[in-house]
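The values are calculated or read from the model by the stated rules, or taken from the named source; none is laboratory data. Owing to the predicted nature of the structure, the values given are computational and were not obtained by experimental measurement. FYI the Cβ positions are ideal-geometry reconstructions off the backbone, even for glycines, and counts take in every protein chain you see. Note: accessible area is taken over every heavy atom of the protein model, side chains too, but ligands, DNA and RNA are not part of it. Shrake-Rupley method; radii C 1.70, N 1.55, O 1.52, S 1.80 Å.
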Amino acid sequence: MSDPSTAAANALGASVAPPPPPKEDGTPQPVATGRMCTNGCGKQAGTLECPKCQALGVSGSFFCSQQCFASNYPKHHKKMHVPAPRPGYVFPEGTKDGFDGRFKYTGKLRSVMPIEPVPKREVPAHIPKPDYATESEALESIPARWSGVWGGRVFGTAEEVGRTIAYGLRDAANRMERQGRILNAAQIEGMRKVCRLAREVLDIAASHIRPGITTIEIDQIVHDECVKRDSYPSPLGYHKFPRSVCTSVNEVICHGIPDSRPLEDGDIINLDVTLFHGGFHGDINATYPVGPSVSQENLDLIACSRECLDEAIRMCKPGTQFQDVGKVIEEIASKRGFSTNKTYVGHGIHELFHAAPNVPHYAGNRASGTMRPGQTFTIEPMICVGHQKEVHWPDDWTAATPDGKYSAQFEETLLITPTGVEVLTAAPGWTLPTKPVVGNGSASSASASKNKKKKKKSAAAKAASAAKAALTGTSGSGEAQDGEADEKEEEAEESPAAAVAAEQS
């Protein structure tokens, strides 16, 4: 059996330099290169040169014969055909790789951490805090089997939902809340207030997005704005999350930890802001382009993510099943050529940061429950350019795409009302975009199918008429006329105008 790599070398062949011009009498001029064969066989090299070395710009690879080149090609290839190293990320002064070079990133983004760690930000004592900020040691003792991924799938029985996802209030394991808590009027007002504050903080933070700013600086802005509103930044200390906001850049799907990497022109960034105020959490996020050089594909990705959320909101009302939301989202994403992440989901939110119900963003999910007036929850589709399945960084939080392609997300907190839905985190003056009017595709398809059948029937009638005429010697005009009459009758079924024309004929 021949060596595949040797066979490849034989197929590739060494480049042969043109021979020197003949002598004046026409006899061939001997080739004297003065070089030794690159393979070290001890023979003088001719003009045979490795074509791969030529392509890579490696000079001096000459061989004594084609056979010598082919038989030694595997060793020569391993030694000489080394691709030029890719330029690595240049860490800004005073920063380092957050994982000390031990992690293989899936894209160009890096964890850029300051050499001098930034201390955990402090929240004034007068601001009320959620229980995980004040009872972290006690909550750490909750069995691991009760803990789920933040915003991800629930593990354990439905009765444990309040405990499994949120740490949260340990009295939440109430059988009546398996499909989401129903809030009273006072609780709904509390949700309205905190969601309005969350929107304010997000908009202020987003106004600072520009090339050159770092996400740790954005984190400081979010933290300060929360404190100004006597609010606690919900992510801070939640399952040991170290910062006050999630900043997910480029290929990061969600839960990016703010760091010292300056944003670059052409990046996209998602800011995920949650406030705790008056005993309630308000959750919102949005994705923004950084600078004027964002590619059209990634601008389309951002627009698709927002469209998925808007169309999901449009279907929210009492009686809608939570599992149906994902079908609408995945249909839109697939139509645009994108995919939707299947691990992370929307979630109930009120006194608990994350609670029942779960709201998956993909078709065919098995989420239980129907929407009822008084429920508050989020929808937050994460749309990816390429593969949707996430890879986690060693920080146990950052979820990135496995192929390094970009991801975008939008999120709103919603309230189901007796007549529909209220977007609690909506921007001032925002309304749901008008849905474009599209023709009835199913009706058009049925009409096209009917026309096709009609043509087949007419053609069959004419063919039968022609065959009968050939046998009897008649013109067959009666059968043809019958076929034409059938056509007119079928056309009459299509519209009243066609019916009138058929009767007149």
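Derived scalar couplings between HN and Hα for region 315-328 equal 8, 6, 5, x, x, 5, 7, 4, 5, 6, 4, x, 5, 5 Hz in order, rounded to whole Hz, by the Karplus curve 6.51 cos²θ - 1.76 cosθ + 1.60 (θ = phi - 60°), x for Gly and Pro. Length available on full extension from residue 204 to residue 56: 0.36 nm per residue minus the Cα-Cα distance, which gives 48.2 nm. Per residue, region 272-319 exposes 32 Å² of solvent-accessible protein surface, assessed with a 1.4 angstrom probe and all protein chains in place. Distant-in-sequence amide contacts of residue 112, defined by a placed amide H-H separation under 5 Å and a gap of 5 or more residues or a different chain, comprise 98, 260, 261. A simple packing score, the average count of other Cβ atoms within 10 Å per residue, orders the peptides 354-365, 420-431, 66-77 as 354-365, 66-77, 420-431, with the highest score first. Here's the picture: charge each Lys and Arg Cβ at +1 and each Asp and Glu Cβ at -1 in region 214-303, and of 296, 234, 248 the one pushed furthest to the positive end of that dipole is 234. For the residue pairs 108/405; 240/389; 52/79; 104/389; 52/75, the C-alpha atoms sit more than 19 angstrom apart in 240/389.
Scanning residues 5 or more positions from residue 214 or on other chains, those with amide H under 5 Å from its amide H are 263, with H placed 1.01 Å from N in the peptide plane. Peptides 372-380, 385-393 ranked from most to least packed by the mean count of surrounding Cβ atoms within 10 Å: 372-380, 385-393. Full extension of the chain segment joining residue 314 with residue 75 gains 79.7 nm, where the gain is 0.36 nm per residue of separation less the Cα-Cα distance. In this structure region 339-434 gives 33 Å² per residue of accessible area when probed at 1.4 Å with all protein chains present.
Element breakdown for region 318-376 at a 1.4 angstrom probe: carbon and sulfur atoms account for 44% of the accessible area.
Between the residues 57, 123, 70, the greatest Cα displacement towards the positive end of the dipole of region 57-124, with unit charges on the Cβ of Lys, Arg, Asp and Glu, is found for 70. Ordering of 39-46, 89-96 by packing is 39-46, 89-96, highest average first (other Cβ atoms within 10 Å, averaged per residue).
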